[in-house]
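Attaching a single structure in structure tokens format; questions to follow.
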Amino acid sequence: MSDAEDFTASTGRNETREEQLDRNWSELLQELRMLQTGVQILAGFLLTLPFQQRFEDLDNFQVGLYLVNVVIATLTTAFILLPVSVHRRLFRQRLKETLVSSADTITKIALAGVGMLSVGTAALVFDVTAGRTAGLTAGGILLAVLLVLLIYVPLRLNRRAAEQ
């Protein structure tokens, strides 16, 4: 059996390694587009807060949490853009496998950033509107839920697939 036949048999698809890498790259870009939208919405919300009259009433904890959220939003945006930058640097160097592999890791980091940003933003909103206890409780519960959804569920599905 040739290498191409081995590859087709192992992936269950009738595609070459190059075709698979192209497909994987396209799928990663689509996932990054989805993440980008969420980050843009949350970052846009955060960027309007200092211009609200009530912002001056925030205590030090709330201002600190706000600034942490802004940093997370900025870094997450950078991670979402990073695969495009890497692609520009590796373009036409026949390094598609490196590109796809690195973009996979980068996308996982960006996904974690979106999760942290979601938790931090919700905690801030709950803290400001319902008090510190509500903010910390909401943040803790949402963190637990996101850990289950973003880490446990995919790992569990992967294990289940491996058992089949």
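On the protein heavy atoms, probe 1.4 angstrom, tell me the percent of accessible surface of region 25-68 carried by carbon and sulfur.
Carbon with sulfur: 60 percent of the solvent-accessible area.
What does the C-alpha gyration tensor say about the overall shape of the chain? Classify as rounded when a/c is under 1.5, otherwise prolate if a/b is larger than b/c, or oblate. Could you put the intermediate results ahead of the total?
Working: a/c = 4.30, a/b = 2.00, b/c = 2.15.
The shape class here is oblate.
Run the dipole for the chain about the Cα centre, Lys and Arg Cβ at +1, Asp and Glu Cβ at -1, nothing else charged, and hand back the magnitude in debye, nearest 20.
Dipole magnitude for the chain comes out near 140 debye.
Which helices of the chain meet both criteria: a Cα extent of 24 Å or more along the helical axis and a mean Kyte-Doolittle score no lower than -1.0, with helices taken as whole DSSP H segments?
Details: long enough: 17-48 (46 Å, -0.21); 60-90 (44 Å, 1.20); 96-130 (49 Å, 1.01).
Flagged H segments are 17-48, 60-90, 96-130.
Suppose a student asked you for the relative contact order of the chain, using Cα pairs under 8 Å spaced at least 6 residues apart; what percent would you report?
Relative contact order of the chain: 22 percent.
Using a probe radius of 1.4 Å on heavy atoms only, what accessible surface per residue do you get for the chain? Whole Å² is fine.
66 Å²
Helix-only mean residue ellipticity at 222 nm, the chain, DSSP H runs n ≥ 4 weighted -39,500 (n - 2.57), per residue, nearest 500. What is it?
-28500 deg cm²/dmol
Oh, and also: Sort 58-65, 92-99, 137-144 by the packing proxy (mean of other Cβ within 10 Å over each peptide's residues), most packed first.
Details: 58-65: 14.1, 92-99: 12.6, 137-144: 15.8.
Sorting 58-65, 92-99, 137-144 by mean packing, highest first, produces 137-144, 58-65, 92-99.
The values are calculated or read from the model by the stated rules, or taken from the named source; none is laboratory data. Every value quoted in this text rests on a predicted model; they were computed, and no experiment measured them. Here the Cβ is made from the backbone with ideal geometry for all residues, glycine too, and neighbour counts use every protein chain on show. Ligands, DNA and RNA are excluded from the accessible area calculation, which covers all protein heavy atoms including side chains. Shrake-Rupley method; radii C 1.70, N 1.55, O 1.52, S 1.80 Å.
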